[in-house]
(Lines give C-alpha, C1' and ligand atoms only; values in the text may rest on other atoms or scores of the structure.)
Protein backbone atom coordinates (compact mmCIF):
# COMPACT_ATOMS: atom_id res chain seq x y z
CA UNK A 1 0.00 0.00 0.00
CA UNK A 2 2.80 2.40 0.85
CA UNK A 3 4.55 1.85 -2.48
CA UNK A 4 1.36 2.43 -4.41
CA UNK A 5 0.51 5.52 -2.35
CA UNK A 6 3.98 6.98 -3.06
CA UNK A 7 3.51 6.30 -6.76
CA UNK A 8 0.19 8.16 -6.71
CA UNK A 9 1.86 11.13 -4.93
CA UNK A 10 4.64 11.26 -7.53
CA UNK A 11 1.99 11.25 -10.23
CA UNK A 12 0.82 14.76 -9.15
CA UNK A 13 3.93 16.44 -7.71
CA UNK A 14 2.69 20.06 -7.75
CA UNK A 15 -0.49 19.33 -5.81
CA UNK A 16 1.42 17.15 -3.37
CA UNK A 17 4.06 19.87 -2.85
CA UNK A 18 1.36 22.51 -2.25
CA UNK A 19 -0.39 20.39 0.38
CA UNK A 20 2.90 19.63 2.14
CA UNK A 21 3.83 23.33 2.09
CA UNK A 22 0.54 24.40 3.67
CA UNK A 23 0.89 21.88 6.48
CA UNK A 24 4.60 22.66 6.97
CA UNK A 25 3.89 26.39 7.37
CA UNK A 26 1.12 25.67 9.87
CA UNK A 27 3.29 23.30 11.91
CA UNK A 28 6.29 25.67 11.82
CA UNK A 29 4.14 28.54 13.12
CA UNK A 30 2.66 26.44 15.91
CA UNK A 31 6.08 25.09 16.91
CA UNK A 32 7.59 28.58 17.08
CA UNK A 33 4.71 29.95 19.16
CA UNK A 34 4.77 26.98 21.51
CA UNK A 35 8.54 27.12 21.96
CA UNK A 36 8.69 30.87 22.57
CA UNK A 37 5.74 31.00 24.97
CA UNK A 38 6.81 27.92 26.93
CA UNK A 39 10.49 28.82 27.26
CA UNK A 40 9.68 32.45 28.05
CA UNK A 41 7.30 31.43 30.82
CA UNK A 42 9.76 28.91 32.25
CA UNK A 43 12.60 31.42 32.15
CA UNK A 44 10.56 34.10 33.90
CA UNK A 45 9.55 31.64 36.60
CA UNK A 46 13.10 30.32 37.06
CA UNK A 47 14.76 33.75 37.27
CA UNK A 48 12.17 35.03 39.77
CA UNK A 49 12.37 32.07 42.14
CA UNK A 50 12.96 33.07 45.74
CA UNK A 51 11.98 36.72 45.08
CA UNK A 52 8.66 37.82 46.57
CA UNK A 53 9.03 41.57 46.10
CA UNK A 54 11.21 44.09 44.29
CA UNK A 55 11.67 47.55 45.81
CA UNK A 56 12.95 50.39 43.66
CA UNK A 57 12.40 53.97 42.54
CA UNK A 58 8.97 55.19 41.51
CA UNK A 59 8.02 54.37 37.94
CA UNK A 60 6.70 51.45 35.97
CA UNK A 61 6.39 48.30 38.10
CA UNK A 62 6.97 46.12 35.05
CA UNK A 63 10.10 48.09 34.16
CA UNK A 64 11.37 47.60 37.71
CA UNK A 65 10.80 43.84 37.50
CA UNK A 66 12.40 43.52 34.06
CA UNK A 67 15.47 45.55 35.02
CA UNK A 68 16.07 44.08 38.48
CA UNK A 69 15.21 40.40 38.04
CA UNK A 70 15.62 39.71 34.34
CA UNK A 71 18.22 42.41 33.54
CA UNK A 72 16.31 43.27 30.36
CA UNK A 73 15.42 46.95 30.82
CA UNK A 74 16.80 50.15 32.28
CA UNK A 75 16.22 50.74 36.01
CA UNK A 76 13.59 53.21 37.17
CA UNK A 77 16.23 55.08 39.20
CA UNK A 78 18.04 54.79 42.52
CA UNK A 79 16.79 54.51 46.09
CA UNK A 80 18.42 55.52 49.39
CA UNK A 81 20.89 53.14 50.96
CA UNK A 82 18.88 53.40 54.18
CA UNK A 83 16.14 51.31 52.53
CA UNK A 84 18.30 48.22 53.08
CA UNK A 85 18.26 48.66 56.84
CA UNK A 86 14.58 49.67 56.78
CA UNK A 87 13.51 46.38 55.26
CA UNK A 88 16.01 44.16 57.04
CA UNK A 89 14.69 45.37 60.37
CA UNK A 90 11.17 44.32 59.44
CA UNK A 91 10.24 41.07 61.24
CA UNK A 92 8.35 39.82 58.17
CA UNK A 93 11.39 40.04 55.90
CA UNK A 94 13.61 37.02 55.60
CA UNK A 95 16.08 38.48 53.12
CA UNK A 96 16.71 41.79 51.34
CA UNK A 97 19.42 41.72 48.69
CA UNK A 98 20.65 45.07 47.30
CA UNK A 99 21.46 45.61 43.63
CA UNK A 100 23.51 48.49 42.23
CA UNK A 101 23.65 48.88 38.45
CA UNK A 102 24.83 51.38 35.92
CA UNK A 103 27.86 49.93 34.11
CA UNK A 104 28.70 47.18 31.65
CA UNK A 105 31.66 45.40 30.14
CA UNK A 106 31.25 44.70 26.42
CA UNK A 107 27.49 44.63 26.79
CA UNK A 108 27.37 42.43 29.91
CA UNK A 109 25.96 44.15 32.97
CA UNK A 110 28.09 44.78 36.03
CA UNK A 111 25.85 44.29 39.06
CA UNK A 112 26.84 45.33 42.56
CA UNK A 113 25.34 42.98 45.11
CA UNK A 114 26.10 40.51 47.91
CA UNK A 115 27.04 36.80 47.81
CA UNK A 116 23.50 35.91 48.93
CA UNK A 117 22.28 36.99 45.47
CA UNK A 118 23.83 33.88 43.98
CA UNK A 119 21.80 31.58 46.21
CA UNK A 120 18.58 32.70 44.48
CA UNK A 121 19.54 30.66 41.41
CA UNK A 122 21.56 28.05 43.27
CA UNK A 123 24.60 29.37 41.44
CA UNK A 124 27.87 27.65 42.26
CA UNK A 125 31.47 28.50 41.49
CA UNK A 126 33.11 26.49 38.73
CA UNK A 127 36.50 28.12 39.28
CA UNK A 128 38.05 30.52 41.78
CA UNK A 129 36.34 32.05 44.80
CA UNK A 130 33.61 34.49 45.78
CA UNK A 131 34.37 38.21 45.66
CA UNK A 132 35.54 39.49 49.03
CA UNK A 133 36.25 43.17 48.52
CA UNK A 134 35.59 46.04 46.15
CA UNK A 135 36.76 45.68 42.52
CA UNK A 136 36.72 41.89 42.70
CA UNK A 137 34.20 40.21 40.39
CA UNK A 138 32.60 36.84 39.80
CA UNK A 139 31.47 36.35 36.20
CA UNK A 140 28.70 34.21 34.73
CA UNK A 141 29.39 31.17 32.56
CA UNK A 142 28.24 32.83 29.36
CA UNK A 143 30.34 35.93 30.01
CA UNK A 144 33.42 33.78 30.47
CA UNK A 145 32.68 31.70 27.38
CA UNK A 146 31.83 34.46 24.93
CA UNK A 147 34.50 36.93 26.08
CA UNK A 148 37.17 34.30 26.69
CA UNK A 149 37.76 35.52 30.25
CA UNK A 150 39.58 33.63 32.99
CA UNK A 151 40.68 34.06 36.58
CA UNK A 152 42.99 36.97 37.30
CA UNK A 153 41.90 38.93 34.25
CA UNK A 154 41.65 42.69 34.78
CA UNK A 155 39.22 44.87 32.86
CA UNK A 156 37.58 48.29 32.93
CA UNK A 157 33.83 48.81 32.93
CA UNK A 158 31.98 51.28 30.71
CA UNK A 159 29.23 53.63 31.80
CA UNK A 160 25.70 52.54 30.92
CA UNK A 161 24.00 49.16 30.63
CA UNK A 162 24.72 48.53 26.95
CA UNK A 163 27.95 48.53 24.99
CA UNK A 164 28.58 52.06 23.78
CA UNK A 165 32.02 53.29 22.82
CA UNK A 166 31.01 56.89 23.48
CA UNK A 167 29.73 56.24 27.00
CA UNK A 168 33.16 56.54 28.66
CA UNK A 169 35.12 54.05 30.73
CA UNK A 170 36.11 53.98 34.39
CA UNK A 171 39.86 53.55 33.93
CA UNK A 172 40.49 54.65 37.51
CA UNK A 173 38.58 51.67 38.88
CA UNK A 174 39.57 48.40 37.14
CA UNK A 175 38.05 45.06 38.10
CA UNK A 176 39.77 41.73 38.71
CA UNK A 177 38.11 38.38 38.00
CA UNK A 178 38.35 36.10 41.04
CA UNK A 179 35.61 33.57 40.26
CA UNK A 180 33.64 32.01 37.40
CA UNK A 181 30.16 30.54 37.90
CA UNK A 182 29.02 27.19 36.61
CA UNK A 183 26.20 27.40 34.03
CA UNK A 184 22.80 27.86 35.65
CA UNK A 185 20.50 28.41 32.67
CA UNK A 186 19.38 31.63 34.36
CA UNK A 187 20.13 35.34 34.29
CA UNK A 188 23.28 34.65 36.35
CA UNK A 189 25.02 33.28 33.26
CA UNK A 190 25.26 36.74 31.67
CA UNK A 191 26.11 38.92 34.67
CA UNK A 192 29.31 40.29 36.18
CA UNK A 193 28.84 40.35 39.95
CA UNK A 194 30.79 42.50 42.37
CA UNK A 195 30.31 44.16 45.78
CA UNK A 196 28.05 47.23 45.81
CA UNK A 197 31.04 49.29 46.91
CA UNK A 198 32.70 48.61 43.55
CA UNK A 199 29.92 50.45 41.73
CA UNK A 200 30.24 53.40 44.09
CA UNK A 201 34.01 53.51 43.56
CA UNK A 202 33.61 53.44 39.78
CA UNK A 203 31.41 56.56 39.98
CA UNK A 204 33.51 58.40 42.54
CA UNK A 205 30.98 58.08 45.35
CA UNK A 206 32.42 58.29 48.85
CA UNK A 207 31.03 55.34 50.80
CA UNK A 208 33.25 55.28 53.88
CA UNK A 209 31.15 53.88 56.78
CA UNK A 210 28.21 53.44 54.39
CA UNK A 211 28.42 49.74 53.54
CA UNK A 212 25.17 47.84 53.09
CA UNK A 213 26.00 45.51 55.98
CA UNK A 214 26.71 48.42 58.30
CA UNK A 215 23.22 49.70 57.72
CA UNK A 216 21.87 46.34 58.72
CA UNK A 217 23.32 46.82 62.17
CA UNK A 218 25.73 43.90 61.95
CA UNK A 219 29.34 44.00 63.15
CA UNK A 220 31.08 43.86 59.80
CA UNK A 221 34.66 44.85 59.17
CA UNK A 222 34.98 47.50 56.48
CA UNK A 223 38.71 48.15 56.72
CA UNK A 224 39.18 46.59 53.28
CA UNK A 225 36.65 49.00 51.77
CA UNK A 226 38.38 51.89 53.53
CA UNK A 227 41.75 50.76 52.30
CA UNK A 228 40.39 50.55 48.80
CA UNK A 229 39.07 54.06 49.17
CA UNK A 230 42.55 55.28 50.12
CA UNK A 231 44.03 53.59 47.05
CA UNK A 232 41.75 55.66 44.83
CA UNK A 233 42.08 58.90 46.75
CA UNK A 234 43.77 60.54 43.77
CA UNK A 235 40.55 60.06 41.80
CA UNK A 236 38.46 61.83 44.37
CA UNK A 237 40.76 64.86 44.33
CA UNK A 238 39.38 65.63 40.87
CA UNK A 239 35.84 65.83 42.22
CA UNK A 240 34.64 68.95 43.96
CA UNK A 241 33.29 68.98 47.51
CA UNK A 242 29.87 69.99 46.22
CA UNK A 243 29.73 66.97 43.93
CA UNK A 244 30.65 64.67 46.82
CA UNK A 245 27.86 66.08 48.89
CA UNK A 246 25.37 65.44 46.09
CA UNK A 247 26.59 61.95 45.20
CA UNK A 248 25.48 59.89 48.15
CA UNK A 249 25.71 56.10 48.25
CA UNK A 250 22.54 54.66 46.75
CA UNK A 251 21.37 51.35 45.35
CA UNK A 252 19.19 50.52 42.36
CA UNK A 253 16.80 47.97 43.83
CA UNK A 254 16.17 45.48 46.61
CA UNK A 255 15.13 41.87 46.10
CA UNK A 256 12.97 40.87 49.04
CA UNK A 257 11.72 37.52 50.31
CA UNK A 258 9.31 37.06 53.21
CA UNK A 259 9.40 35.01 56.35
CA UNK A 260 5.62 34.74 56.43
CA UNK A 261 2.61 35.42 54.22
CA UNK A 262 1.73 38.38 56.44
CA UNK A 263 4.61 40.32 54.87
CA UNK A 264 3.02 40.01 51.43
CA UNK A 265 -0.07 41.78 52.75
CA UNK A 266 1.59 44.57 54.70
CA UNK A 267 4.98 45.45 53.20
CA UNK A 268 4.04 46.40 49.59
CA UNK A 269 1.30 48.78 50.71
CA UNK A 270 3.57 50.27 53.38
CA UNK A 271 6.31 50.99 50.85
CA UNK A 272 4.00 52.38 48.18
CA UNK A 273 2.09 54.64 50.57
CA UNK A 274 4.66 55.73 53.13
CA UNK A 275 7.89 56.06 51.15
CA UNK A 276 9.16 57.58 47.91
CA UNK A 277 9.87 54.07 46.63
CA UNK A 278 7.66 51.53 44.92
CA UNK A 279 7.14 47.84 45.56
CA UNK A 280 6.46 45.50 42.64
CA UNK A 281 5.39 41.85 42.96
CA UNK A 282 7.16 39.68 40.33
CA UNK A 283 4.33 37.13 40.13
CA UNK A 284 1.77 39.83 39.31
CA UNK A 285 3.87 41.76 36.80
CA UNK A 286 5.14 38.71 34.92
CA UNK A 287 1.62 37.28 34.75
CA UNK A 288 0.45 40.60 33.32
CA UNK A 289 3.27 40.59 30.76
CA UNK A 290 2.60 37.00 29.71
CA UNK A 291 -1.12 37.70 29.43
CA UNK A 292 -0.40 40.60 27.08
CA UNK A 293 1.89 38.39 25.02
CA UNK A 294 -0.68 35.61 25.21
CA UNK A 295 -3.26 37.67 23.29
CA UNK A 296 -0.92 37.91 20.33
CA UNK A 297 0.16 34.29 20.66
CA UNK A 298 -3.45 33.07 20.78
CA UNK A 299 -4.25 35.03 17.64
CA UNK A 300 -1.24 33.63 15.82
CA UNK A 301 -2.11 30.09 16.95
CA UNK A 302 -5.64 30.49 15.61
CA UNK A 303 -4.22 31.58 12.27
CA UNK A 304 -1.85 28.59 12.24
CA UNK A 305 -4.65 26.11 12.95
CA UNK A 306 -6.75 27.71 10.20
CA UNK A 307 -3.78 27.23 7.90
CA UNK A 308 -3.56 23.59 8.97
CA UNK A 309 -7.30 23.17 8.34
CA UNK A 310 -6.84 24.71 4.90
CA UNK A 311 -4.09 22.19 4.24
CA UNK A 312 -6.42 19.40 5.32
CA UNK A 313 -9.18 20.69 3.02
CA UNK A 314 -6.69 20.84 0.17
CA UNK A 315 -5.68 17.23 0.82
CA UNK A 316 -9.35 16.23 0.87
CA UNK A 317 -10.07 17.91 -2.47
CA UNK A 318 -6.93 16.48 -4.06
CA UNK A 319 -7.58 12.95 -2.85
CA UNK A 320 -11.27 13.11 -3.82
CA UNK A 321 -10.36 14.27 -7.32
CA UNK A 322 -7.60 11.68 -7.60
CA UNK A 323 -9.88 8.90 -6.38
CA UNK A 324 -12.51 9.87 -8.96
CA UNK A 325 -9.92 9.86 -11.71
CA UNK A 326 -8.48 6.53 -10.61
CA UNK A 327 -11.74 4.64 -10.06
CA UNK A 328 -11.03 2.35 -13.00
CA UNK A 329 -7.53 1.52 -11.75
CA UNK A 330 -8.77 0.86 -8.23
CA UNK A 331 -11.61 -1.35 -9.52
CA UNK A 332 -9.07 -3.28 -11.57
CA UNK A 333 -7.00 -3.82 -8.42
CA UNK A 334 -10.08 -5.30 -6.78
CA UNK A 335 -10.58 -7.68 -9.67
CA UNK A 336 -6.89 -8.70 -9.45
CA UNK A 337 -7.39 -9.79 -5.85
CA UNK A 338 -6.94 -6.68 -3.71
CA UNK A 339 -9.43 -6.47 -0.86
CA UNK A 340 -11.62 -3.46 -0.14
CA UNK A 341 -9.57 -2.75 3.00
CA UNK A 342 -6.34 -2.70 0.98
CA UNK A 343 -7.80 -0.26 -1.56
CA UNK A 344 -9.19 1.92 1.22
CA UNK A 345 -5.85 1.75 3.03
CA UNK A 346 -4.02 3.00 -0.06
CA UNK A 347 -6.02 6.25 -0.04
CA UNK A 348 -5.67 6.69 3.74
CA UNK A 349 -1.91 6.07 3.61
CA UNK A 350 -1.64 8.65 0.85
CA UNK A 351 -3.25 11.27 3.09
CA UNK A 352 -1.16 10.26 6.10
CA UNK A 353 2.06 10.44 4.07
CA UNK A 354 1.31 14.01 3.00
CA UNK A 355 0.50 14.95 6.60
CA UNK A 356 3.62 13.21 7.98
CA UNK A 357 5.97 14.84 5.48
CA UNK A 358 4.36 18.23 6.13
CA UNK A 359 4.65 17.78 9.91
CA UNK A 360 8.33 16.78 9.75
CA UNK A 361 9.11 19.61 7.34
CA UNK A 362 7.28 22.00 9.67
CA UNK A 363 9.29 20.88 12.69
CA UNK A 364 12.56 21.39 10.83
CA UNK A 365 11.43 24.74 9.42
CA UNK A 366 10.15 26.01 12.77
CA UNK A 367 13.31 25.17 14.70
CA UNK A 368 15.45 26.47 11.85
CA UNK A 369 13.70 29.87 11.97
CA UNK A 370 14.07 29.94 15.77
CA UNK A 371 17.81 29.22 15.46
CA UNK A 372 18.15 32.01 12.91
CA UNK A 373 16.22 34.40 15.16
CA UNK A 374 18.40 33.57 18.16
CA UNK A 375 21.53 34.22 16.12
CA UNK A 376 20.27 37.66 15.07
CA UNK A 377 18.44 38.91 18.18
CA UNK A 378 20.41 39.48 21.39
CA UNK A 379 17.20 39.46 23.45
CA UNK A 380 16.63 35.78 22.69
CA UNK A 381 20.22 34.97 23.57
CA UNK A 382 19.89 36.93 26.81
CA UNK A 383 16.86 34.84 27.70
CA UNK A 384 18.88 31.69 27.24
CA UNK A 385 16.46 30.61 24.51
CA UNK A 386 17.20 27.13 23.11
CA UNK A 387 15.90 26.91 19.50
CA UNK A 388 16.57 23.18 19.25
CA UNK A 389 14.66 22.14 22.37
CA UNK A 390 11.89 19.66 21.53
CA UNK A 391 8.87 20.23 23.75
CA UNK A 392 6.25 17.55 24.52
CA UNK A 393 3.57 19.76 23.01
CA UNK A 394 5.22 19.52 19.61
CA UNK A 395 4.37 15.85 19.39
CA UNK A 396 0.76 16.82 20.08
CA UNK A 397 0.92 19.16 17.09
CA UNK A 398 2.30 16.36 14.91
CA UNK A 399 -0.47 13.99 16.00
CA UNK A 400 -3.08 16.66 15.32
CA UNK A 401 -1.74 17.19 11.80
CA UNK A 402 -1.71 13.43 11.18
CA UNK A 403 -5.33 13.42 12.34
CA UNK A 404 -6.13 16.15 9.81
CA UNK A 405 -4.52 14.06 7.08
CA UNK A 406 -6.50 10.99 8.12
CA UNK A 407 -9.83 12.83 8.22
CA UNK A 408 -9.09 14.44 4.84
CA UNK A 409 -8.41 11.01 3.31
CA UNK A 410 -11.17 8.95 4.90
CA UNK A 411 -14.09 10.32 2.83
CA UNK A 412 -12.43 9.69 -0.56
CA UNK A 413 -11.33 6.29 0.77
CA UNK A 414 -14.89 5.36 1.79
CA UNK A 415 -16.11 6.35 -1.65
CA UNK A 416 -13.59 3.98 -3.21
CA UNK A 417 -14.57 1.31 -0.66
CA UNK A 418 -18.14 1.40 -1.98
CA UNK A 419 -17.26 1.09 -5.67
CA UNK A 420 -19.51 -1.15 -7.79
CA UNK A 421 -16.92 -3.15 -9.71
CA UNK A 422 -19.10 -4.08 -12.67
CA UNK A 423 -20.43 -0.58 -13.19
CA UNK A 424 -17.04 1.06 -12.76
CA UNK A 425 -15.27 -1.32 -15.17
CA UNK A 426 -18.02 -0.94 -17.77
CA UNK A 427 -17.70 2.88 -17.61
CA UNK A 428 -13.91 2.67 -17.86
CA UNK A 429 -13.88 0.36 -20.86
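The values are calculated or read from the model by the stated rules, or taken from the named source; none is laboratory data. All figures in this text were calculated on a predicted structure; none of them were measured in a lab. Note: ideal-geometry Cβ built from the backbone for every residue, glycine included; neighbour counts use all protein chains shown.
What to note about this one:
- Of the residues making up region 52-74, those that are part of a loop (DSSP other than H, G, I, E, B), under 18 Å from the mean Cα position of the chain (by Cα) and crowded, with 18+ Cβ neighbours inside 10 Å are 69, 70, 71.
- Subset tally (residues that are at pLDDT 90 or above and in a helix (DSSP H, G or I)) for region 243-272: 7
- Selected residue (only one of 123, 134 is touching a helix residue (DSSP H, G or I) at 6+ places or on another chain (Cβ under 7 Å), over 23 Å from residue 44 (Cα atoms) and surrounded by 21 or more Cβ atoms within 10 Å (Cβ to Cβ)): 134
- Selected residue (only one of 352, 390, 402, 370 is within 22 Å of residue 308 (Cβ to Cβ), modelled with pLDDT of 80 or more and not in a helix (DSSP H, G or I)): 390
- Filter result for residue 23 (surrounded by fewer than 20 Cβ atoms within 10 Å (Cβ to Cβ), part of a helix (DSSP H, G or I) and modelled with pLDDT under 90): no
- All told, residue 128 meets the bar of being surrounded by fewer than 21 Cβ atoms within 10 Å (Cβ to Cβ) and assigned by TED's automatic domain parsing to the domain that holds residue 267.
- With respect to being at negative phi and either exposed (fewer than 15 other Cβ atoms within 10 Å of the Cβ) or free of Cβ contacts under 8 Å to residues at least 60 places away in the same chain (or both), residue 89 fits the description.
- Filter result for residue 178 (at pLDDT 85 or above and within 25 Å of residue 72 (Cα to Cα)): no
- The single condition from (1) exposed (fewer than 13 other Cβ atoms within 10 Å of the Cβ); (2) within 30 Å of residue 410 (Cα to Cα); (3) at pLDDT 90 or above that residue 364 fails is (1).
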